[in-house]
Amino acid sequence: MRLLADAMLGSLARICRMCGHDTVYCLDRGIEADDDVLALAEGEDRVLLTRDRQLAERARDAVRLESKDVDEQLRELAATGVALSLSAGERCGSCNGELRELGAGENAAEYVPDDAAPVWACRNCGQQFYRGSHWEDVEARLP
């Protein structure tokens, strides 16, 4: 699913990425103004995620969330039919880039435990990911 999270939903954007959704976060693109947010959603055919009632009403396709709490936002999003289950190796939680699995002979970053496997690297920013305690913490939060 192609999503666009407005400026108030950065934490939610990261979790949506971990669930495999192509999720742009407005502030990653330096966009805050409502008209620019709407143009981005329309231009990239994305569903807008927002807490702003007026902005949601102006969007072609939007999910308006009410809660400020990320866990409650996840429940609200799931109630609209958005699948929320972790999907390893698809999207970078930081930049939304596509991930690739490190191959034999490729070295993992220093912060990756020696016994971590598989390890994925972002094709855009190079950050590496593995299933660690953060993965388990996020998984436990999903509705």
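None of the figures in this text is laboratory data; all of them are computed from the coordinates on show. None of these values were measured; they are calculated from a predicted model. Cβ placement follows ideal geometry from the backbone for every residue including glycine, while neighbour counts extend to all protein chains displayed.
Among Ala88, Ala79, Ala13, whose mean-square fluctuation peaks in a Gaussian network model of the chain (Cα, cutoff 10 Å)?
Ala79
Out of the chymotrypsin sites (Phe, Trp or Tyr not before Pro) in the range 57-129, which ones are loop residues according to DSSP with at most 11 other C-beta atoms within 10 Å? It would help to have the intermediate numbers written out before the result.
Values: sites: Tyr111, Trp120, Phe129; in loops: Tyr111.
Those that pass, being in a loop and sparsely packed, are Tyr111.
If you build a Gaussian network model of the chain, linking Cα atoms that sit under 10 Å apart, which residue out of Leu38, Leu48, Leu27 swings the most?
Of the options given, Leu27 has the highest mean-square fluctuation.
For the residues Asp6, Asp35, what sequence is obtained by ranking on other C-beta atoms within 10 Å, fewest first?
So the ranking, lowest neighbour count to highest, is Asp35, Asp6.
Along the charge dipole of the range 38-143, Cβ charges K/R +1 and D/E -1, which of Gln73, Ala41, Phe129 sits furthest on the positive end?
It is Ala41, whose Cα lies furthest towards the positive end.
Counting Lys and Arg as +1 and Asp and Glu as -1, each charge on the Cβ, what is the dipole of the range 1-66 about the Cα centre in debye, to the nearest 20? Working shown, then result.
Values: 10 positive and 14 negative charges, 60 e Å.
The dipole magnitude comes to about 280 debye.
To the nearest 0.05, how large is the calculated FRET efficiency for Arg58 and Arg29 if R₀ is 22 Å and r is the Cβ-Cβ distance? Please list the in-between numbers first.
Values: r = 19 Å, r/R0 = 0.85.
Efficiency computed from Cβ-Cβ geometry: 0.75.
Can you compute the charge dipole magnitude of the chain about its Cα centre, using +1 on each Lys and Arg Cβ and -1 on each Asp and Glu Cβ, nothing else charged? Give it in debye, rounded to the nearest 20.
Working: 17 positive and 28 negative charges, 40 e Å.
So the magnitude is around 200 debye.
Given the options Asp45, Asp114, Asp69, state which has the largest fluctuation in a GNM of the chain using a 10 Å cut-off (strictly under) for Cα springs.
Most flexible of the set in this elastic network: Asp114.
Which whole-percent values make up P(r) of the range 2-79 when all C-alpha to C-alpha distances are grouped in 10 Å steps starting at zero?
Whole-percent P(r) values from 0 Å outward: 21, 60, 19.
Can you work out the base-10 log of I(q)/I(0) for the range 65-131 at q = 0.16, 0.20, 0.22 1/Å, using the Debye formula on its C-alpha atoms alone?
-0.66, -0.82, -0.89
Please work out, to two decimal places, the log10 of the ratio I(q)/I(0) at q = 0.18 Å⁻¹ from a Debye calculation in which every Cα of the chain carries one identical scatterer.
-1.00
Considering only DSSP beta bridges with both partners in the chain, what is the antiparallel share in %, to the nearest 5? Intermediate values should be presented prior to the final figure.
Details: 6 of 16 bridges.
About 40 percent, rounded to the nearest 5.
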